[in-house]
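FYI, it's all coordinate maths here, none of it is from the lab. Here the structure is a predicted model, which is why all the values come from computation and not from measurement. Neighbour counts are summed over all protein chains in view; Cβ atoms, including those assigned to glycine, are modelled from backbone coordinates with ideal geometry.
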Amino acid sequence: MVHALREIRRVLVPDGILIDLRPILDQWPIEVASARGIQETGRVQDFPIGVVDDEAANHSIALAAENGWFVREQEEFFPFYYSWDAPSEMEEWKETEWHDFIGLNEETKRATRSAWALGDADAQVRVRLKMLITRWRKV
């Protein structure tokens with residue numbers, strides 16, 4: 001990633017802005033949401049490879065800052081939701097799209113299915129990701 005940051009710096013205009021926007025693994029909550037409210041039913045399991053990827057990205061951007069390539073101007077975390085109409089859709093998405101960096105244990109699957117089955121007709125299953133957004137200025 002350091003090579004990519006070097007190339008970004010090379011092509012950015014003087015005083016240009018780099019936006020670092022990415023999810024951060026943090027045992028994201030699984031929720032069932034409906035008009036009645038929101039019920040947390042468990043959390044995803046972070047796989048070591050995903051945690052290592054987050055650490056590598058953090059290390060690369062910190063190294064770029066140490067090298068004087070960029071200065072951090074602003075940083076914050078915010079939630080981003082993935083939503084599905086049924087627990088089975090969430091489980092299928094996890095298996096096809098997220099299989100290599102998060103897991104779901106059976107207890108969480110059961111709790112989510114149960115809460116959804118007891119919910120209103122508008123009940124949805126969602127995962128609340130922890131997103132990082134940082135604005136870096138080219139030095």
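Some points to look at:
- Using equal-weight Cα scatterers in the Debye expression, the normalised intensity of segment 2-138 in log10 at q = 0.14 Å⁻¹ is -0.72.
- Taking every C-alpha pair closer than 8 Å and separated by at least 6 residues, the mean separation divided by the residue count of segment 2-138 gives a relative contact order of 46 percent.
- Proxy reagent accessibility, fewest Cβ within 10 Å first, across 80, 101, 70, 47: 80, 47, 101, 70
- Dipole magnitude of the chain about its Cα centre (Cβ charges: Lys, Arg +1; Asp, Glu -1), debye to nearest 20: 500
- Positive-pole candidate from 102, 11, 37, dipole of the chain, charges at beta carbon: 11
- Of the peptides 73-79, 114-120, the order by per-residue mean of other Cβ atoms within 10 Å, starting with the highest, comes out as 114-120, 73-79.
- Residue-averaged 222 nm ellipticity for the chain, from DSSP H runs of 4+ at -39500 (n - 2.57), nearest 500: -12000 deg cm²/dmol
- Estimated distance in nm for a label pair at residue 122 and residue 66, the labels positioned 7 Å out from Cα along Cα-to-Cβ: 5.1
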